[in-house]
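Encoded as structure tokens, the structure appears first; notes follow it.
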Amino acid sequence: MKSLPGEQSSLADTQALWRFLGNPRVKPVDLVVPLLDMARQGIEESCDAYALAVHDWSRLNFRTHGSKRDRIRMTHQHDVGYDLQSTVLVSDRDGATICAPVQNLRTAEGLLSSRADGVLPQQSHLDELSERMGWLQRQALGCPLVHIVDREADSIGHLRQWSAAGHRWLVRVKAGSQVKWQDRSMALSAVAQGLDFQPQRQVSYQGREAVQWIASTLVVVSRAARPKALDGQGKRVPPVKGEALKVRLVVGEVRDEAGKVLAQWYLLSNVPEAVEAGELALWYYWRWRIESYFKLLKGAGQQVEHWEQESGEAIFKRLLIASQACALAWRLERAQGESAERTRTFLVRLSGRQMKRTRPVTASALLAGMYLLFVMNETLAHYSPEEIAQFAREARSMRPAGGIGNV
């Protein structure tokens, strides 16, 4: 989205972008079409039995951008901006990120969505997520989806709704959630005490070596749902009974060499038992791919919270374009073969990023390298090799003797 060194001025590029984002004929449902195409291709190339649909929410802070009249106050007076609601597809084979095929942006005027032509009414996160799951199911992406959500989805009413709709899900829940196990009602933490944990894999926890232990069992969730909605008289809707769900409980623990538990989480899932518990735990670990996506947007190249567009609609359109750039970086990151490896090495070197030996390639470095590559291509299209050589000689002649130009 930055201005390349072409024949037009940077102001002309800025005005062209402003007109494009403000054009009412440019709609989010159109801008998401390339992402859906990349989703289908990425799933075909990278997934085995399932595609993992990771859902999460992230606040975009525009506290100092008073020109954005449709901002919302989210948690406190300094937390002002928009609520981004995203889905990122991840491979079940190796956790490779594919793309973000559907997104929403909540503004003061309503919900902007790449799945709808027009502004949608405000909904709770989970009510909207139910509609998003159904929309994804109808896109025929080429592979069954497993929807992965963090603890905000610990809602028995929504889990029943998703199961009835035929969705497969993997959700982190609270340790105190009540279930039936061996004909007794108890909290998940009490169930975990009676399970047989087995070592699964070596992991790194806060910079030190540790071991992940896994245990699983079947439980029944039969408690009544407690909706947060209000009735017509402003009172809480009473608890709603529903069908009992027989699902798998997967408990994961990270232990140090002495056996001390460093971290613990509880997962419920209706994914068929052909998928082992250890694999479900690994799938949930890959949920962090969506956090990496938010980082790409905010601080690793895109800097979304510094965008100057004056409406949530313009921000949302630009965000969908930026998502295509992220999907391109991910596609290059997971590409196989010697040519792809050489391209990644070249782009990382071009980016100027300092990389860790244990992780020589990152999506943010590829994004930075691709931008510089496009700059180089644009430059070569408008200046001859002789002119570029002359510019280089001029620059070298101006560096001080023994200065940084000789380092």
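Computed over neighbours whose Cβ is under 10 Å from that of VAL191, the net charge equals +2, Lys and Arg +1, Asp and Glu -1.
Annotation: amide H-H contacts under 5 Å for ALA96 (H modelled 1.01 Å from N, sequence separation of 5 or more, or interchain): SER91.
Please list the equivalent ellipsoid semi-axes of the stretch 1-128, computed as the square roots of five times the alpha-carbon gyration tensor eigenvalues, in descending order and whole angstrom.
Numbers: eigenvalues 157, 109, 42 Å².
Semi-axes from the Cα gyration tensor: 28, 23, 14 Å.
Seen from a random direction on average, the alpha-carbon convex hull of the stretch 202-278 projects onto 8.0 square nanometres.
State the dimensionless ratio Rg/Rh of the stretch 238-372 (Rg: radius of gyration of Cα atoms; Rh: Kirkwood radius). Walk me through the numbers before you get to the answer.
Working: Rg = 20.6 Å, Rh = 18.7 Å.
Over the Cα atoms of the stretch 238-372, Rg/Rh equals 1.10.
Along the axis of the charge dipole computed for the chain (Cβ charges of +1 for Lys and Arg, -1 for Asp and Glu, origin at the Cα centre), the listed residues LEU36, VAL102, SER204 are led at the positive end by SER204. Stokes-Einstein diffusion for the stretch 340-396 at 20 °C, viscosity 1.002 mPa s, with a Kirkwood radius from C-alpha pairs, works out to 169 µm²/s. In this calculation the C-beta distance from ALA108 to GLU378 is compared with R0 = 45 Å, giving a FRET efficiency of 0.70. When Rg and the Kirkwood radius Rh are both evaluated on Cα atoms of the stretch 10-334, their ratio Rg/Rh stands at 0.99. For the chain, the number of Lys pairs with C-alpha atoms closer than 22 Å, counting only pairs eight or more positions apart or on separate chains, is 20.
Principal axis extents of the C-alpha atoms in the stretch 297-367 (largest first, rounded to whole Å): 44, 22, 18. Calculated from the alpha-carbon coordinates, the stretch 20-90 shows an Rg and a Dmax of 16.8, 48 Å respectively.
How high is the relative contact order of the stretch 46-153, in percent, counting Cα pairs under 8 Å that sit 6 or more residues apart? Display every interim value, and only then the final one.
Details: 187 pairs, mean separation 31.7, N = 108.
Dividing the mean separation by the residue count of the stretch 46-153 yields 29 percent.
Just how large is the dipole of the chain about the Cα centre, in debye to the nearest 20, putting +1 at every Lys and Arg Cβ and -1 at every Asp and Glu Cβ?
Details: 53 positive and 44 negative charges, 193 e Å.
Here the size comes out at about 920 debye.
Rounded to two decimals, the Cα-based Rg/Rh of the stretch 14-54, with Kirkwood Rh, is 1.22. What's the FRET efficiency of SER397 with LYS356 using the Cβ-Cβ distance as r and R₀ = 51 Å, to the nearest 0.05? Rounded to the nearest 0.05, the efficiency is 0.85. Computed on the chain, with alpha-carbon pairs under 8 angstrom and 6+ residues apart, the relative contact order is 15 percent.
Here, each number is a calculation from the coordinates, and none is a lab measurement. Computed from a predicted structure; not experimentally measured. Glycine gets a Cβ as well: all are built from the backbone with ideal geometry, and neighbour counts include every protein chain shown.
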